[in-house]
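Have a look at the structure below before the remarks.
The values are calculated or read from the model by the stated rules, or taken from the named source; none is laboratory data. All values reported here derive from a predicted model rather than from experimental measurement. Every residue, glycine among them, receives a Cβ derived from its backbone with ideal geometry; neighbour counts consider all protein chains shown. Quick note on the areas: whole protein, heavy atoms, side chains included, nothing else; ligands and nucleic acids left out. Shrake-Rupley method; radii C 1.70, N 1.55, O 1.52, S 1.80 Å.
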Amino acid sequence: MDKEEIIKFVREMKATDHVIMFYSEPEDKHLVLFAYLKAGLDQGAAAAYVAGQETPEEIREGMRRFGVDVERFEKSGALRVIDHWDWYVVGRSFDISRTMEMWKKLYDEALARGFKGLRVTGEMACFFENGMVKELIEYEKALHRALELPITAICAYDSNVVAKQGRGELFLDLIKAHRTVILTGPQGGVVSSY
């Protein structure tokens, strides 16, 4: 499966889809995640990107280069680029119920503003950087393979960061919490219904 097929897949994702993406190059991450969010925005949905490895401004700049009208979408409330310190690791701690409630609130706000749904993505490296691997696994399991909230989600993992944890079963634990896996790079593709 090539990049075009991956892009087609992410553009067509539906509510409750909970997908994991492993990438090793920032360019691959940007291509997939920006195509995914832009497709939702173009279809009238709201979108949120939780930045962890890059700053929110770096993400905004990447989106602009990709062709997303960041200013227009942010002004309308359709797009939010959020720092992981304000979403996942608040006050140096992670609370699953708080994060789930914030997703629900963001979804409810999107519908109240007339958007057709909500597409979200998050860079998950912040959990590793803050020594919260156990919390991360609990969070991913809490989200389930199909989301209970009718949002669409891609959890983005830098495979280099995950590999540095030295636990091969960590990849498997993360994959089991999702319905579909996206692998970027030369041998990349989409594996569904793991």
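Of the GluC sites (Glu not before Pro) in segment 86-194, which ones lie in a loop per DSSP and count no more than 14 other C-beta atoms within 10 Å?
Taking segment 86-194 and a limit of 14 other Cβ atoms within 10 Å, the loop GluC sites (Glu not before Pro) found are Glu148.
Which trypsin sites (Lys or Arg not before Pro) in segment 1-81 sit in a loop by DSSP (not H, G, I, E or B) and have at most 14 other Cβ atoms within 10 Å of their own Cβ? Write down the numbers at each step before the final one.
Details: sites: Lys3, Lys8, Arg11, Lys14, Lys29, Lys38, Arg60, Arg64, Arg65, Arg72, Lys75, Arg80; in loops: Lys14.
Sites meeting the loop and neighbour criteria: Lys14.
Using the heavy atoms of the protein chains alone and a 1.4 angstrom probe, what is the accessible area of the chain per residue in square angstrom?
On a per-residue basis, the chain sits at 47 Å².
Given the chain, what percent of its DSSP beta bridges are antiparallel, to the nearest 5?
20
Is the shape of segment 59-113 best called rounded, prolate or oblate, per the rule: a/c under 1.5 gives rounded, else a/b larger than b/c gives prolate, else oblate, with a ≥ b ≥ c the square roots of the Cα gyration tensor eigenvalues?
Working: a/c = 3.55, a/b = 1.47, b/c = 2.41.
Note, shape of segment 59-113 comes out oblate.
First compute the accessible area of segment 1-84 with a 1.4 Å probe, then give the percent of it belonging to carbon and sulfur atoms. Can you show the working numbers first?
Working: 1820 of 3730 Å².
Carbon and sulfur together cover 49 percent of it.
Loop only per DSSP, at most 11 neighbouring Cβ atoms within 10 Å: give me the trypsin sites (Lys or Arg not before Pro) in segment 106-157, ordered by residue number.
Arg113
I need to check one value: relative contact order of segment 39-161, counting alpha carbon pairs closer than 8 Å and at least 6 residues apart, in percent.
32
Using only the Cα atoms of segment 82-190, build the gyration tensor, take square roots of its eigenvalues as a ≥ b ≥ c, and label the shape rounded, prolate or oblate: rounded if a/c is under 1.5, else prolate if a/b is larger than b/c, else oblate.
Oblate.
At 1.567 mPa s and 4 °C, plugging the Kirkwood radius over alpha-carbon pairs of the chain into Stokes-Einstein gives what diffusion coefficient in µm²/s?
In µm²/s, the coefficient is 78.
Quick check on the chain: helices-only [θ] at 222 nm, where DSSP H runs of length 4 and up contribute -39,500 (n - 2.57) each and the sum goes over total residues. Nearest 500, please.
Mean residue ellipticity, 222 nm, calculated: -14000 deg cm²/dmol.
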